[in-house]
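Notes to accompany the following structure.
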There are 2 protein chains.
Amino acid sequence: MRLSEEQRLDWLRLIRSDNVGPRTFRDLVNYYGGARAALEALPGLARRGGASGPAHICSAEEAAAELKAARARGVALVALGEPDYPARLQMIDDPPPLLAVRGQLPILARPLVAIVGSRNASAAGAKFAERLARGLGEAGFAIVSGLARGIDAAAHRASLAKGTVAVLAGGHDRVYPAEHADLLEAMLAEGAAVSEMPLTWEPRARDFPRRNRLISGLSLGVVIVEAARRSGSLITARLAGEQGREVFAVPGSPLDPRAEGTNGLLKQGAILVTEAADVIAVLEPILGRDIELPAREPEREAAGAPDTEPGEDERSRIVGLLGPTPTSIDDLVRLSQTSPAIVRTVLLELEIAGRLERHGGGLVSLL
Amino acid sequence: MRLSEEQRLDWLRLIRSDNVGPRTFRDLVNYYGGARAALEALPGLARRGGASGPAHICSAEEAAAELKAARARGVALVALGEPDYPARLQMIDDPPPLLAVRGQLPILARPLVAIVGSRNASAAGAKFAERLARGLGEAGFAIVSGLARGIDAAAHRASLAKGTVAVLAGGHDRVYPAEHADLLEAMLAEGAAVSEMPLTWEPRARDFPRRNRLISGLSLGVVIVEAARRSGSLITARLAGEQGREVFAVPGSPLDPRAEGTNGLLKQGAILVTEAADVIAVLEPILGRDIELPAREPEREAAGAPDTEPGEDERSRIVGLLGPTPTSIDDLVRLSQTSPAIVRTVLLELEIAGRLERHGGGLVSLL
């Protein structure tokens, strides 16, 4: 499937509207049968959810301007479900509805492996990242990383010729760190840069963990080269595990603080890597396997009215059950004595109103 | 059980005779009902096995002299099955019938952990070995090692106060390396030195792998701290695995050749160690368990004549089936169409004659 120009505009409007993230986007489109109908429903949802003020809904003009600017910059906005959309990324829980790609789109169809690690890498760590990236490149893998200083940059640099993908936490016009702008440009000849944010989005601290799910989501596996305790690379490793991707870690001396994170991952069952062959041996068998995509509802032509509209009584019962402590959606259904569909709708309203936080494992809490 | 002085002398004579190793010792004593009867049978066995020349049988005088010299040196000769014999060492395939112990015998009854590694250790490796030895000592473990330069010496030194055991490849009067004679003496106040060789035995290259089985055999587990590819520590790790002991390895950078061996062990399933707690967590549950000793035939009072005497025809059929290629004893029984007892006897004859080599897994070949 390919979106029409009009649909792509609607998709962009919906994902750029306040309180709409990738999961809510999917729920809304599934619920209302399409992005256009969802956009029309947003104000009502926000009101019923008890929004404290008016939330921004991205206008057609704003979205059209972003599409135009992206094209001018050579950035393709690839939609979930389109042929160019990276197949493995579709399998994660929260794939971006639109992926902004600069450079060589076809690289995203190649087998990808992520190499990530400390920003303040040791010389040995950077050298090993380069060696590993070269080895994996020669075996036909393209290397995904986060363009950070240290391990990330070493991995990108060593795979410029064979192909490498940078996943950005900000927009394509706000490359971080700025000193790697030239490295990024050099990557585009054989590789690509990917972002889910608007072109001019300045990356904030919380955008990096969010970005990390794309690094692992694009990849068959993630290799953590050096990582201190509680570092961002460990978040990527955790996300990779949750996404069912292989987690690899490079061992180091127990006296080296930069190896604490990777040794910890190895204790938790990560696969030990001392050479590219260790990664290839695990990933090659996976390459042959078909990617199983989760069943997705197609974008329906006409948006039907939702089948289930919660009554005022049901809504207040469900909201009454919620608080700052994460609660399971199953419990909400059981305790509110309503249907799963009613609970889902009320949660969607609260989310659009900016009052709901979703946690892992089907848990939600009020903000 | 405790041996009488006369029995101890016979045991020493038997194990010090040519072509009698720990396994043959056990077979002979089981077969003839005691060491004395086995000694009397040796010349006949050697003749029937086709010995090329006269093999040395240790005389009563020689054995008495060794016992006397050992006592003068403060070396106790503890026999397999006696209360002071280390319980876990009895569980291995080839425990020494007599263990020569200097220092504190009771330390061998404490929970023991081996720490071994490269002779040319890095400063970091030696430092980590010390830290680990101290941590395990504080948790109540005594440290076993091989008195070698590098990791071994660091582990011994750091556990002088809490107790440490050196297992020697040569005799107690031939400490190797000589530069560690003072370290060894310092160990005896709280620890011990152990050898299965005669007091004045000069260690040869092949005595070190043989010694390594005692390092692992005494211990609940073996920690390999640094080890290059194809190093002696890897032999200890393999033996530990074969003996059912826990194998631990300390990770290191893939760029450090001294970590090649340990990283390789980790790939094969060794338990990753970055601190003493990693070892303690695995070994503490084992401490509570009873040690299962293999059933052993007691030393019988009167030696009976063996029940099964192979005929000349049977003997030549079995010898005819043997050659330089290792063959399984089961196959010998099947192909020779004799009984397992007959095959065992013929193999014992060949062994005493110095013509048989035993391999792992019940395989034998002619020398």
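The values are calculated or read from the model by the stated rules, or taken from the named source; none is laboratory data. No experiment lies behind these values; they were computed from the predicted model shown. Positions of Cβ are backbone-derived with ideal geometry, glycine not excepted, and every protein chain shown enters the neighbour counts. The accessibility values were calculated without ligands, DNA or RNA, using every heavy atom of the protein model including side chains. Shrake-Rupley method; radii C 1.70, N 1.55, O 1.52, S 1.80 Å.
Considering the conditions (1) of a type outside the set (S, T, N, Q); (2) within 12 Å of chain A (Cβ to nearest Cβ); (3) surrounded by 19 or more Cβ atoms within 10 Å (Cβ to Cβ), B:ILE215 is excluded by exactly one of them, (2).
The residues in the range A:117-152 that are among the aliphatic types (A, V, I, L, M), closer than 20 Å to A:ALA228 by Cα and either open to solvent by 10 Å² or more (accessible area, probe 1.4 Å) or touching a Ser or Thr at 6+ places or on another chain (Cβ under 8 Å) (or both) can be counted, and the count is 6.
Of all residues in the range B:80-104 being out of contact with any strand residue (DSSP E or B) (no Cβ under 6 Å at 6 or more places or on another chain) and aliphatic (A, V, I, L, M), which is farthest from B:GLU284 (Cα to Cα)? Checking each candidate, the answer is B:LEU80. Annotation: of all residues in the range A:313-331 being among the aliphatic types (A, V, I, L, M) and touching a Pro at 6+ places or on another chain (Cβ under 9 Å), the one that is surrounded by the fewest Cβ atoms within 10 Å (Cβ to Cβ) is A:ILE329.
Scanning the range B:2-18 for residues that are within 16 Å of the chain's Cα centre (by Cα) and not in a helix (DSSP H, G or I) returns a single hit, B:ARG16.
Residues in the range A:309-367 that are of a type in the set (S, T, N, Q) and within 26 Å of the chain's Cα centre (by Cα): A:THR325, A:THR327, A:SER328, A:THR345, A:SER365. If you go through the range A:153-192 and keep only what is under 22 Å from A:ALA124 (Cα atoms) and crowded, with 24+ Cβ neighbours inside 10 Å, you end up with A:ALA154, A:ALA155, A:HIS156, A:SER159, A:THR164.
Screening B:CYS58 against (1) open to solvent by less than 30 Å² (accessible area, probe 1.4 Å); (2) touching a strand residue (DSSP E or B) at 6+ places or on another chain (Cβ under 9 Å) leaves a single unmet condition, (2). Inside the range A:117-131, can you point out the residues that are within 14 Å of chain B (Cβ to nearest Cβ) and in a loop (DSSP other than H, G, I, E, B)? Once the filter is applied, which keeps residues that are within 14 Å of chain B (Cβ to nearest Cβ) and in a loop (DSSP other than H, G, I, E, B), the range A:117-131 yields A:GLY117, A:SER118, A:ALA121, A:SER122. Among the residues of the range B:236-259, those that are open to solvent by 50 Å² or more (accessible area, probe 1.4 Å), part of a helix (DSSP H, G or I) and either within 21 Å of B:GLY217 (Cβ to Cβ) or facing chain A (nearest Cβ under 8 Å) (or both) comprise B:ARG238, B:GLU242.
Looking for something under 26 Å from A:ARG317 (Cα atoms), open to solvent by 40 Å² or more (accessible area, probe 1.4 Å) and over 21 Å from the mean Cα position of the chain (by Cα) - is there at least one such residue anywhere in the range A:21-34? Yes. Looking across the range B:43-61, the residues that are of a type in the set (A, V, I, L, M, F, W, C) and touching a helix residue (DSSP H, G or I) at 6+ places or on another chain (Cβ under 6 Å) come down to B:LEU45, B:ALA46, B:ALA55, B:ILE57, B:CYS58.
Within the range A:224-275, the set of residues being of a type in the set (Ser, Thr, Tyr) and over 26 Å from B:ARG131 (Cα atoms) comprises A:SER233, A:THR236.
For the range A:80-124, enumerate the residues that are within 12 Å of the chain's Cα centre (by Cα) and among the β-branched types (Val, Ile, Thr). Scanning the range A:80-124 gives a single hit, A:ILE92.
Looking across the range A:104-116 at every residue that is in contact with a Gly (Cβ under 8 Å, 6 or more places away or on another chain) and open to solvent by 10 Å² or more (accessible area, probe 1.4 Å), the one that is nearest to the other protein chains (Cβ to nearest Cβ) is identified as A:PRO111.
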